Amino acid sequence: MPTAPRPSRFRLPADVRPTAYDLHLEPDLEGGSFRGEVRIALRLARPRAEIVLHATEITIERAAAHGGGREMPARVRLSRADETAALRFARPLAAGEATLALRFGGRLNQHLRGLYAASADGRPYAFSQCEAADARRILPCFDEPSFKARFRVAVRVREGETAVSNGPVEREDPVPGGRILRFAETPPLSTYLLALAVGRLEASAPRLCGPVPIRVWHVPGKGRLTDFGLEAAAEALGRLQDYFDIPYPYGKLDLVAVPDFEAGAMENAGAVFFRETLLLLDPATASLTERKRAAEVIAHELAHMWYGDLVTMAWWDDLWLNEAFATWMAYRVVDDWRPEWRMWQGFEHDRASALAMDALANTHPIYARVRSVAEATQNFDAITYEKGAAVVRMIEHYLGPDAFRDGVRRYMRRHREGNTVAADLWRALAEASGKPVARLAQAWIAQPGFPLVTIAPARDGGRPALAVRQERFFADPRVPAARRRATWPVPLVVKWRGADGAATERFLVDKARASLPAPGAPAWYFANADAGGFYRVAHDPADRETLLADPGAALTPVERLALAGDQWALVRGGRAPIESFLDVAAALGEETDYDVLDGIAGPLDLIDEQVAEPGSGAQAALRAWITHRFGSQLERLGWTAAAGEDDPTRLRRAALVRLVGAVAEAPAVLAEARRRLDAYLADRSALEPNLADPVVALAARVGDEALYERYRAAVAAAATPQERRRFLLGLGSFRTPAARERTLAALLTPEIPTQDVAFLLMRLLGNPAARGAAWRFMTRRWAALRRRIPPLMMSRVVEMTPALREPRYAREVARFFRTHPVPEATRALKQALEVFRLNAELRRRTAPGLARWLAERS
């Protein structure tokens, strides 16, 4: 057990530890409230006249302690600021064993936190969401990860209702008007993993993975959508048991499709909760992207059953121990199950998102000190998840997969049912591999940012070499050189073609400058083979030109994707002219890989939005060039899939529709999307599933009020969660003033579920015809919106504000959030204001070059 940090107002004393909870809850779904009783078995390291535990938004009606054969009532003092309840006793409780008995009650809230209310088809439900620190909204408890304890839960439900919790149902006792479900005691769990779902739920038939029964729970009428989730869970669970060499630790596995849920999913031990879109799918109508995403999320949450639930971080500053590993593991598991999905190629988009955030001055290390709940909430971001996963992947490549797996198994066995810090993992990996893992890993998790690796041909003692230089990369060209002086131990993987053919070499570069031996004079080289490293590369211009002469011959799709991403990052950071990225995009005009096409689309869209003035000649010329360069490929492919056409071709068509339709807004593509939408609305099988998302979004851009009404009807009548999501978000893409105002007004009504308010608002902020109105709506209706946007999603909304573009909005955003602070989005606000400034700087610096480059090709 790691040494406990020094107590603060946000942390409980470490000398009182719970060992078991016996919890009885009585939710009243119709009345929107709950009552409960809990007995908490404690171990006291010293006598205590006061015991402090967490509680907020609940009332404690009675509290007492039992020990030494007597009951001692307690006076209760609640602290709203600290979210605690202090229990004061007339005499100190003796050191040793004791039991707290508390009776309490609360409201089923509307904020998707704690035990909250939800509805589906007019039926009421209650669901729990306890991460990071919201179990305290359900019961008085010791709500920190290191206070692991066993849970025995009993829930009273009414006729027609049922309940799901972490353990299997052990017994049912009939009571007037209903029954009490008594669940088996769990292994030791942190409170953030407590699970409860109550209402008219139905379960699929169980699918066995060895002795473990897997079920999908859902609201009535959705049983036909459970097969994919069951298959993905069984495939993941078997592979995870093999990898960890530890049987699944929780007896049964329930996957619960929640109709209103903030996160994508939550790894409650034995009862994993999901957004419906990520669990309930119809394979006949779901796109491959939707199936891949659902499989990845399912595998991610099941990886947590070991890495996070069985072995848990000691405190939230090591959140990355949970999330980075589960993210990496999910891609590994799904790639093993369905290699044709090319999961690691798709991971490049996630790696790029993390690189973009980590290039900001207002980034944070993977290991980030956490002093409060709000700070913990901020860390659920691309640095913790995607950068963390990229670093885990680099370490695995450095150690080798067998040594890495052996170290993970050693770590899991050693700390089973306990809590850990990062040093425990490094120790186990070092023991298994014989390599100095801590030195490598600590540099990557403890310091923010990442290196820019500059590489060029050189001579070393008369022999051919590659000169390598590293420094910290910033997206801001104005950052002084002194701040860039940072080094990492970089596992550099260089791919080249020499006189003897192509080869790949691995180097560990841990100094600011290094010289690497080269095979003669290489025809070309690429310094991040397989895009496996978390760094950007600046290639010598002559080498880049050689690579671009025939990119498909030299580089794999993921390497072409990384090359384009690196060049765009260099433009953003003032290290290269915008023409250099446009040359890369032009060289990839006949690109046939869908991931590469989507990777090009992102920077081109930002150039269209942020560099070219809206409605200007430069914007028209850019869109015309995109249409000319990529549209002919779409024309050759056509919009209709041929019989037996493979998934990569179908996804390429969808990527081209996004590129030429969404970025270039080619009138012919918008018109065709509008025409095909009519057929799709009449018959959902009339459109190839991978085209459904872009067609629905593009048709909305040119849609009128009549089409808007048809979208609303489609939301209400949707046959699958994915269909409902695409039409709901489509409401935010309409550009008529009436549609914009109706969608904004709907954000504050039950028509838009709480889980979707932030996503729809973000879609409106990204809509050129709606963004200004959306911002005005935010500022005028802030109090009501704040109640409808849960904390985790609030950061995402703030991050979206740079889409407003003009510098005057940056000043308004800064001023507004200064007077309306959002603690859980403090870092997101700093990042948003930085991006506002960087976009303005990019515009000033690159607009002339954009105009010149386009004029040369007109």
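Residues that are in a helix (DSSP H, G or I), surrounded by fewer than 22 Cβ atoms within 10 Å (Cβ to Cβ), out of contact with any strand residue (DSSP E or B) (no Cβ under 9 Å at 6 or more places or on another chain) and not aliphatic (A, V, I, L, M) within the stretch 379-413 comprise GLU396, PRO401, ASP402, PHE404, ARG405, ASP406, ARG409, ARG410, ARG413, listed in sequence order.
Only a single criterion out of (1) in contact (Cβ under 8 Å) with a residue 40 or more places away in the chain; (2) under 24 Å from ALA41 (Cβ atoms); (3) open to solvent by 20 Å² or more (accessible area, probe 1.4 Å); (4) out of contact with any Leu (no Cβ under 9 Å at 6 or more places or on another chain) is not satisfied by ARG113, namely (2).
Name every residue in the stretch 615-655 that is of a type outside the set (Gly, Ala, Ser) and in a loop (DSSP other than H, G, I, E, B), in order of residue number.
Matches in the stretch 615-655: TRP639, THR640, GLU645, ASP646.
When we screen ALA553, ALA467, ALA482 for residues that are out of contact with any helix residue (DSSP H, G or I) (no Cβ under 6 Å at 6 or more places or on another chain), exposed (fewer than 13 other Cβ atoms within 10 Å of the Cβ), at pLDDT 90 or above and not in a loop (DSSP other than H, G, I, E, B), the only hit is ALA482. Just one of the listed residues (ALA641, ALA655, ALA662, ALA686) is at pLDDT below 95 and surrounded by 13 or more Cβ atoms within 10 Å (Cβ to Cβ), and it is ALA641.
Condition check: open to solvent by less than 30 Å² (accessible area, probe 1.4 Å), closer than 30 Å to ASP424 by Cβ, hydrophobic (A, V, I, L, M, F, W, C) and not in a strand (DSSP E or B). Does LEU12 satisfy that? Yes; evaluated as a whole, the condition is true for this residue.
Against the condition touching a Lys or Arg at 6+ places or on another chain (Cβ under 9 Å), open to solvent by 30 Å² or more (accessible area, probe 1.4 Å) and in a loop (DSSP other than H, G, I, E, B), how does GLU609 come out, does it pass? It is false that GLU609 is touching a Lys or Arg at 6+ places or on another chain (Cβ under 9 Å), open to solvent by 30 Å² or more (accessible area, probe 1.4 Å) and in a loop (DSSP other than H, G, I, E, B). Pairs meeting the criteria (first residue in the stretch 331-345 and without any contact (Cβ under 8 Å) to a residue 12 or more places away in the chain, second residue open to solvent by 70 Å² or more (accessible area, probe 1.4 Å) and small (Gly, Ala, Ser), beta carbons under 9 Å, at least 6 apart or on different chains) are lacking. Does ALA784 fit the bill of being closer than 23 Å to ASP608 by Cβ and in a helix (DSSP H, G or I)? When the stated conditions are applied, ALA784 does not pass them. The strands (runs of 3 or more DSSP E) found entirely in the stretch 164-226 that carry 1 or more residues being open to solvent by less than 30 Å² (accessible area, probe 1.4 Å) and either β-branched (Val, Ile, Thr) or touching a Phe, Trp or Tyr at 6+ places or on another chain (Cβ under 8 Å) (or both) are 178-183, 196-199, 207-209, 212-218.
Let's see how each residue does on (1) of a type in the set (A, V, I, L, M); (2) more than 21 Å from ARG780 (Cβ to Cβ); (3) without any contact (Cβ under 8 Å) to a residue 40 or more places away in the chain; (4) assigned to a helix (DSSP H, G or I):
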residue: ARG726; (1), (2), (3), (4): no, yes, yes, yes
residue: GLY730; (1), (2), (3), (4): no, yes, yes, yes
residue: ARG735; (1), (2), (3), (4): no, yes, yes, no
residue: ALA739; (1), (2), (3), (4): yes, no, yes, yes
residue: GLN755; (1), (2), (3), (4): no, yes, no, yes
residue: MET762; (1), (2), (3), (4): yes, no, yes, yes
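Whenever a residue of the stretch 569-590 is under 15 Å from ARG478 (Cα atoms) and open to solvent by 10 Å² or more (accessible area, probe 1.4 Å), its partners that are part of a helix (DSSP H, G or I) and not aliphatic (A, V, I, L, M), lying with C-beta atoms within less than 7 angstrom and at least six residues away or across chains, give the pairs GLY574/ARG845; ALA576/GLN567.
The values are calculated or read from the model by the stated rules, or taken from the named source; none is laboratory data. Fair warning: this is a prediction, and the values are worked out from it, not measured in the lab. Cβ: placed from backbone, ideal geometry, glycine included. Neighbour counts: every protein chain shown. These area figures cover heavy atoms from the full protein model, side chains too; ligands, DNA and RNA do not enter into them. Shrake-Rupley method; radii C 1.70, N 1.55, O 1.52, S 1.80 Å.
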